[in-house]
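Working notes, structure below.
The values are calculated or read from the model by the stated rules, or taken from the named source; none is laboratory data. These numbers come from a predicted model, not from an experiment. Note that we place each Cβ from the backbone using ideal geometry, even for glycine, and neighbour counts take in every protein chain shown. Remember, those area values only see protein heavy atoms, side chains included, never the ligands or the DNA or RNA. Shrake-Rupley method; radii C 1.70, N 1.55, O 1.52, S 1.80 Å.
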Amino acid sequence: MMGRLFVRQSPLLPRDAGGEPWLFSLIAVLCFLACLSAVGAAAADRAAHGWARQLRAEATVQVRPRVGETGAEAAARAAETLSGVQGVSEAEAMDRKTAEALLRPWLGDAALPDLPLPHLVTVRLDRDGPASAVTLRRALASAGVDATVDDHSLWRGEVERSAALITVLALAAFLLTAGAAAAAVVYATRAGMAAQTGVIGTLSLNGASDSAIAGLFQTRYGLLAAGGGAVGAGAAMLLVAGARMLGGAEGVTPALPLAWSDILLLSPCPLLAATVALAAARFTALARLKGRH
């Protein structure tokens, strides 16, 4: 059906009149960039929500030892107290070796032996019914433990806000690429109509309505945009699939975890490109034809 449509239209609208090769390439590039921005937004959102879930499932307690009590003893007592709190899966005192391992990438080995480190307890919360920071503070206070509880709510809020910002930026990038594609189709439609002034006049004299003439350009550029969108989306799919295979279980990096479902996310791109081109070409053609009357 698509082939018969092109056969009927080719005598009326020669393909080289509207700059189709460059328009096809431009739409393919724009769709490729739009697909990459969509995948990047999905991966960033996936990573941010994963980090937020991890932060929500953990808490950190800084313990201050009492007089005559070592930091390790105070941390062990706090861990024992918190282990019996409802909503806590596990509480473990962090030893100095573990704390030094966390700080080594930032401070190096030279300063660590003489550096006073806080006495911490890592708390893993029940995912179904996590204990609140208030509950943990009350349990520690009842046991006579001087401690500060950090439920990571500040960091979690920052991560969630960052995810929302990335989503907004990705949407803005998509709208910009869609607008650029629409502008290119408008320009190509005008160029094609200018090159086919004689054909358009002949069709009008033979009774063709403005809607029918606009439909020729609408169908032509819609199909062309669908093809360009398919090429751009296909290239993006290959890139995502390659990155996913090379990246292993975590996609590319933990900061950009790609998933196989991201490929399905790109499948509507040709349809979206065709829709934008159909609307842009039709409105432009009708406006030009009305200006001739």
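Look through region 87-113, keep the residues that are of a type in the set (Gly, Ala, Ser) and touching a strand residue (DSSP E or B) at 6+ places or on another chain (Cβ under 9 Å), and return whichever of them is modelled with the lowest pLDDT. Per the stated criteria, the residue is ALA99.
Quick one: in region 66-103, which of the residues that are of a type outside the set (A, V, I, L, M) and in contact (Cβ under 8 Å) with a residue 60 or more places away in the chain is least open to solvent (accessible area, probe 1.4 Å)?
So the residue we want is THR81.
How many residues does region 148-161 contain that are among the polar types (S, T, N, Q) and at pLDDT 80 or above?
So the count comes out to 1.
Of the residues examined, GLU69 is one that is under 15 Å from ALA147 (Cα atoms) and of a type in the set (Asp, Glu).
Of ALA141, ALA147, ALA178, all but one fail to be touching a helix residue (DSSP H, G or I) at 6+ places or on another chain (Cβ under 9 Å) and in a helix (DSSP H, G or I); the exception is ALA178.
What number of residues within region 256-293 satisfy the criterion of being open to solvent by less than 20 Å² (accessible area, probe 1.4 Å) and under 20 Å from ASP210 (Cα atoms)? Summing the residues that are open to solvent by less than 20 Å² (accessible area, probe 1.4 Å) and under 20 Å from ASP210 (Cα atoms) in region 256-293 gives 6. Scan region 146-175 for residues that are open to solvent by 70 Å² or more (accessible area, probe 1.4 Å), under 14 Å from CYS35 (Cα atoms) and of a type outside the set (A, V, I, L, M, F, W, C) and report the count. Counting residues in region 146-175 that are open to solvent by 70 Å² or more (accessible area, probe 1.4 Å), under 14 Å from CYS35 (Cα atoms) and of a type outside the set (A, V, I, L, M, F, W, C) gives 0. The residue list LEU120, LEU26, LEU33 contains one member that is farther than 26 Å from LEU266 by Cα and of a type in the set (A, V, I, L, M), which is LEU120. When region 114-125 is filtered for residues that are open to solvent by 60 Å² or more (accessible area, probe 1.4 Å) and either at pLDDT 85 or above or out of contact with any Lys or Arg (no Cβ under 9 Å at 6 or more places or on another chain) (or both), the ones remaining, listed by number, are ASP114, PRO116, ARG124. Test of understanding: among LEU223, LEU272, LEU258, which residue is outside any helix (DSSP H, G or I), at pLDDT 80 or above and not small (Gly, Ala, Ser)? Just a single option satisfies the conditions, and that option is LEU258.
The set of residues from region 231-255 being at pLDDT 85 or above and either surrounded by 13 or more Cβ atoms within 10 Å (Cβ to Cβ) or of a type in the set (Lys, Arg) (or both) comprises VAL231, GLY232, ALA233, GLY234, ALA235, ALA236, MET237, LEU239, VAL240, ALA241. Scanning region 54-65 for residues that are in a helix (DSSP H, G or I) and surrounded by 19 or more Cβ atoms within 10 Å (Cβ to Cβ) gives a single hit, LEU55.
Of the residues in region 41-53, not one is surrounded by fewer than 16 Cβ atoms within 10 Å (Cβ to Cβ), assigned to a strand (DSSP E or B) and either in contact with a Pro (Cβ under 8 Å, 6 or more places away or on another chain) or modelled with pLDDT of 80 or more (or both).
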